[in-house]
């Protein structure tokens, strides 16, 4: 008997997807430090939230630590991740005379600076974000204890009490869902009409662009796969955006081995995107996995083009120039 023909499947690739400029800068910082100084290069926390990327850098000689206390007295570079760190971390590094390189995404640094300006102007800062996320920990750590309050939900806004005699201002985590943030910001403005906005939108361009592409594609497909790690905030938000846009099956997968094929029985159109810390090679791996089971037709649906570039941290630029 002739082999059964593969069922046809249209794969709609969302664009933009995958690495953003801040992630490229952070990964390049570790790669460049390894090239210039050789291993080991210490990295505080995952440089970006993607296990595939982290393991690849580990094989090249990067050593990932949770805290600076795990770094021995050394002249080797110590790199801070793209998510940003509390002020106490670079102060500790300076006190120990460690060679620290800050790979914080410039858009996260922008939020840090905004929070500091508000504080200097006598305002109490409200941070819209997710408790425990490294970016939130880093932003809250820019100000003295009690100077910034985290809100995660509309209920948090209802419970929020403004310190007596202090104006309010708000900043946001850069990787949030636009829709969720909009609801919380609107609630803040209803309760505190004089609250001060960010000078410019805090949610980063890459988060916005990837969510808009998913919003456009999700209603048109039978399932949406988001390539990304479970601890990646922007990847989780993409999955939620697809679900909210009406996609019946919306799943986050790190790579092809994580696909639950039983959930995809009978699909004819698949949406595929990747979080800002997920490399394109994992998208290609997943397309290959579908091609083994289906006769695939791959198309791209684009809602924006990106040309943002962030230079390497200064210490690495100077060494590269030499």
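The values are calculated or read from the model by the stated rules, or taken from the named source; none is laboratory data. Model, not experiment: these values are computed from the prediction. Neighbour counts run over all protein chains shown; Cβ positions are idealised from the backbone, glycine included.
When we screen 278, 245, 274 for residues that are farther than 27 Å from residue 28 by Cα, buried (at least 18 other Cβ atoms within 10 Å of the Cβ) and in the same structural domain as residue 298 (by TED's automatic domain parsing), the only hit is 245.
For the condition in contact with a strand residue (DSSP E or B) (Cβ under 6 Å, 6 or more places away or on another chain) and free of Cβ contacts under 8 Å to residues at least 40 places away in the same chain, residue 153 does not qualify. Residues in region 40-70 that are over 18 Å from residue 312 (Cβ atoms) and buried (at least 20 other Cβ atoms within 10 Å of the Cβ) were compared, and the one that is nearest to the chain's Cα centre (by Cα) is 49. Looking at this structure, is residue 157 buried (at least 18 other Cβ atoms within 10 Å of the Cβ), assigned to a helix (DSSP H, G or I) and not assigned by TED's automatic domain parsing to the domain that holds residue 69? Here the answer is yes, as residue 157 does meet what is asked.
When region 74-106 is filtered for residues that are buried (at least 23 other Cβ atoms within 10 Å of the Cβ) and closer than 21 Å to residue 181 by Cα, the ones remaining, listed by number, are 83, 84, 105. Taking region 237-280 as the range and being in contact (Cβ under 8 Å) with a residue 24 or more places away in the chain, part of a helix (DSSP H, G or I) and within 19 Å of residue 51 (Cα to Cα) as the test, the residues that pass are 237, 238, 256, 280. So in region 145-154, with the set limited to residues that are outside any loop (DSSP other than H, G, I, E, B) and in contact with a helix residue (DSSP H, G or I) (Cβ under 8 Å, 6 or more places away or on another chain), which one is nearest to residue 46 (Cα to Cα)? Checking each candidate, the answer is 150. In the set (1) under 29 Å from residue 175 (Cα atoms); (2) modelled with pLDDT of 95 or more, residue 48 fails one condition alone, (2).
Consider region 288-322 and keep the residues that are touching a strand residue (DSSP E or B) at 6+ places or on another chain (Cβ under 8 Å) and crowded, with 16+ Cβ neighbours inside 10 Å. The one that is nearest to residue 25 (Cα to Cα) is 313. Test residue 113 against the stated conditions and say whether it is modelled with pLDDT under 95 and surrounded by fewer than 23 Cβ atoms within 10 Å (Cβ to Cβ). No, not satisfied.
Filtered by the rule that a residue be without any contact (Cβ under 8 Å) to a residue 40 or more places away in the chain and more than 12 Å from residue 42 (Cβ to Cβ), region 64-95 gives 90, 91, 92, 94, 95.
Can you say whether residue 91 is outside the structural domain of residue 181 (by TED's automatic domain parsing) and more than 21 Å from residue 313 (Cα to Cα), as far as the supplied structure shows? For residue 91, the condition - outside the structural domain of residue 181 (by TED's automatic domain parsing) and more than 21 Å from residue 313 (Cα to Cα) - is not met. Look through region 102-129, keep the residues that are assigned to a strand (DSSP E or B) and farther than 22 Å from residue 21 by Cβ, and return whichever of them is nearest to the chain's Cα centre (by Cα). Looking at the filtered set, the residue picked out is 128.
If you go through region 130-144 and pick out every residue that is within 21 Å of residue 66 (Cα to Cα) and either assigned to a helix (DSSP H, G or I) or in contact with a strand residue (DSSP E or B) (Cβ under 7 Å, 6 or more places away or on another chain) (or both), you end up with 8.
Quick check on region 303-312. Is at least one of its residues under 21 Å from residue 222 (Cβ atoms), within 18 Å of the chain's Cα centre (by Cα) and in contact (Cβ under 8 Å) with a residue 12 or more places away in the chain? Within region 303-312, not a single residue is under 21 Å from residue 222 (Cβ atoms), within 18 Å of the chain's Cα centre (by Cα) and in contact (Cβ under 8 Å) with a residue 12 or more places away in the chain.
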